[in-house]
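Working notes for the structure below.
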Amino acid sequence: MNGVAAPGRSAAPVALAWFGCWLVAGASWAVTVLGALSIGVFVLPVAIALTVLLATRRTSSIGLPGIISGAGFPLLYVAYLNRGGPGNVCTTFASGGSCAQEWSPWPWLGIGMVLVATGVVAFAIMALRPGIESRKKPD
């Protein structure tokens, strides 16, 4: 796959695929930062490898806004995990119960949604520019 649509075919599926690839790269960078003292060290090589791999592909730049959207998804997950917060959240079950201190999910949700929406809008603007079907870097 060279990243350019065949003549007469739409470039949208190719552009969406690149967007998805960059989205995964952005999510891996966000996980690296959010989990810097735990899992982030193990995700860092994956983030670097994905970024280098995608940056060396000639036509992958059409999906570059995916890195912005990808950075928002781990933040949305943190918001989901803290959905009972802020404060002390207790759960009970048959053999006892437990309490945990949770953060407010609203800042995580807001920033995550802004990042995802910004990436999608930037991608839509780039993809709707005239000539996307014929866009090809010179050899």
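Quick notes
- Spin-label pair Ala49-Ile111: with each label point 7 Å from Cα along the Cα-Cβ axis, the two points sit 2.8 nm from one another.
- Computed over segment 1-121: relative contact order in percent, which uses C-alpha pairs under 8 Å that are six or more apart: 26
- Computed from the C-beta positions of Ala36 and Arg129, the FRET efficiency with R₀ = 30 Å rounds to 0.25.
- Available extension along the chain between Leu16 and Ser98 is 25.2 nm, counting 0.36 nm per residue and deducting the alpha carbon span.
- Here the 3J(HN,Hα) profile of segment 87-101, calculated from phi with Karplus coefficients 6.51, -1.76 and 1.60 at θ = phi - 60°, is x, 7, 10, 10, 10, 10, 8, 4, 9, x, x, 8, 10, 9, 7 Hz, Gly and Pro shown as x.
Taken together, the values in this text are just the output of simple stated rules run on the coordinates, not laboratory data. As the structure is a prediction and not an experimental result, all values here were calculated from the model. Neighbour counts are summed over all protein chains in view; Cβ atoms, including those assigned to glycine, are modelled from backbone coordinates with ideal geometry.
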